[in-house]
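Structure record follows, encoded as structure tokens.
The values are calculated or read from the model by the stated rules, or taken from the named source; none is laboratory data. A quick note: this is a predicted structure, and the numbers were derived from the prediction, not measured. Using ideal geometry, Cβ is built from the backbone for each residue, glycine included, and neighbour counts are taken over all protein chains shown. Accessible surface is based on the protein model in full, side chains and every heavy atom, while ligands, DNA and RNA are left aside. Shrake-Rupley method; radii C 1.70, N 1.55, O 1.52, S 1.80 Å.
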Amino acid sequence: MDFSIVAYAVPFLLVGAKTTMLIAAFGVGLGLPFGILLATARISQTGPVRKCADFYCAVFRGTPMLVQIFVIYYGLAQIGFVRHNAVLWWLIGDSLHAAILAVILNTGAYTAEIFRTALLSLPRGLIEAAEACGMSPWVVFHRIKFPLALRQALPSYSTEVAVIVKESSLASTITVLEITGYAKRLMSETFAIMEIFVVTAAFYLAINVVCLTALHAIERRLSFERHSAR
């Protein structure tokens with residue numbers, strides 16, 4: 001391996017890593033509450049709400065994220081209403097914004113499935129006891145359902161966070177200069193395919209290790225609090 005090329009590439013990839021972490025941060029920060037909202041809609045007793053949420057998740061879980069990015073960035077830009085609406089064009093017209101939107105919409109569908117499963121696995125007797133005490137549906141969800149579901153969903157959601165970081169590389173297909181975007185540019189300049197992409201992989205691995213370590217620490221903390229409560 002030519003370490004001079006590695007030394008040349010690292011500063012550019014560090015700049016790209018900031019964009020990658022920005023995409024991932026928005027994906028987690030907005031995708032998580034969106035996914036939880038979808039999960040509650042999918043277990044709703046209201047038929048139309050449940051069916052709409054199920055359809056949304058089926059579409060975004062059943063199609064490749066690359067296609068979703070292209071539809072959002074290239075497809076929606078062809079619609080006159082979108083081009084002439086300042087807010088929509090701000091979301092769609094900028095490649096970084098479009099990539100972030102695609103990540104949020106995609107991870108929301110997978111997060112919804114994770115939390116739907118967690119919510120359905122809660123002991124029914126516990127929920128009925130809370131309702132018998134006179135708690136409103138919001139209080140039951142806020143104080144009983146969500147904390148318990150979060151503990152059960154966190155291991156699976158940790159995997160989804162790693163997927164978000166990795167799939168942010170697809171933003172490079174619409175000219176976003178994140179890690180992979182810079183890697184492609186460096187490869188075309190230096191033709192050092194092996195060196196560039198080995199370092200690129202190391203960057204993604206480092207980011208995921210940090211994210212997964214943090215999530216595992218949260219998981220251990222919640223587990224410790226549960227055992228302490230007993």
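Taking every protein chain into account, the accessible area of the chain amounts to 55 square angstrom per residue (probe 1.4 Å). Based on C-alpha pairs under 8 angstrom that are at least 6 apart in sequence, the range 3-229 has a relative contact order of 31 percent. Here PHE81 sits with roughly 140 square angstrom of accessible surface, probe radius 1.4 Å.
What a 1.4 Å probe finds exposed on the chain is 69% carbon and sulfur by accessible area, rounded to a whole percent. All alpha carbon pair distances within the range 1-52 were sorted into 10 Å bins beginning at 0; the resulting P(r) in whole percents reads 22, 23, 20, 15, 11, 8, 1. Taking the C-alpha atoms only, the angle from helix 3-42 to the longest principal axis of the chain is near 20 degrees. The LEU120 and VAL71 beta-carbon pair, evaluated with R₀ = 30 Å, returns a calculated FRET efficiency of approximately 0.45. As a length-normalised measure over Cα pairs under 8 Å and 6 or more apart, the relative contact order of the range 13-96 settles at 14 percent. The aspartates and glutamates whose alpha-carbon is closer than 18 Å to the alpha-carbon of LYS51, local same-chain residues fewer than 8 away aside, are GLU113. Restricting the range 150-205 to trypsin sites (Lys or Arg not before Pro) that sit in a DSSP loop and have at most 13 other Cβ atoms within 10 Å of their own Cβ leaves nothing. Once the C-beta distance of LEU212 and LEU22 is scaled by a Förster radius of 22 Å, the resulting FRET efficiency is 0.70 to the nearest 0.05. The range 159-230 and the range 23-95 have Cα centres spaced 22 Å apart.
Local charge for ASN106 was computed over the other residues whose Cβ lies under 15 Å away, with Lys and Arg +1 and Asp and Glu -1, and equals -1.
Suppose the Debye formula is applied to equal point scatterers at every Cα of the chain; what is log10 I(q)/I(0) at q = 0.13 Å⁻¹? Treating every Cα as an identical point scatterer, log10 I(q)/I(0) equals -0.87. Applying 1/(1 + (r/R0)^6) with R0 = 45 Å to the Cβ-Cβ distance of ILE79 and GLN45 gives a FRET efficiency near 0.80.
Ranking ALA99, GLY31, LEU212 by Cα position along the charge dipole of the range 3-229, where only Lys, Arg, Asp and Glu carry charges on their C-beta atoms, puts GLY31 farthest toward the positive end.
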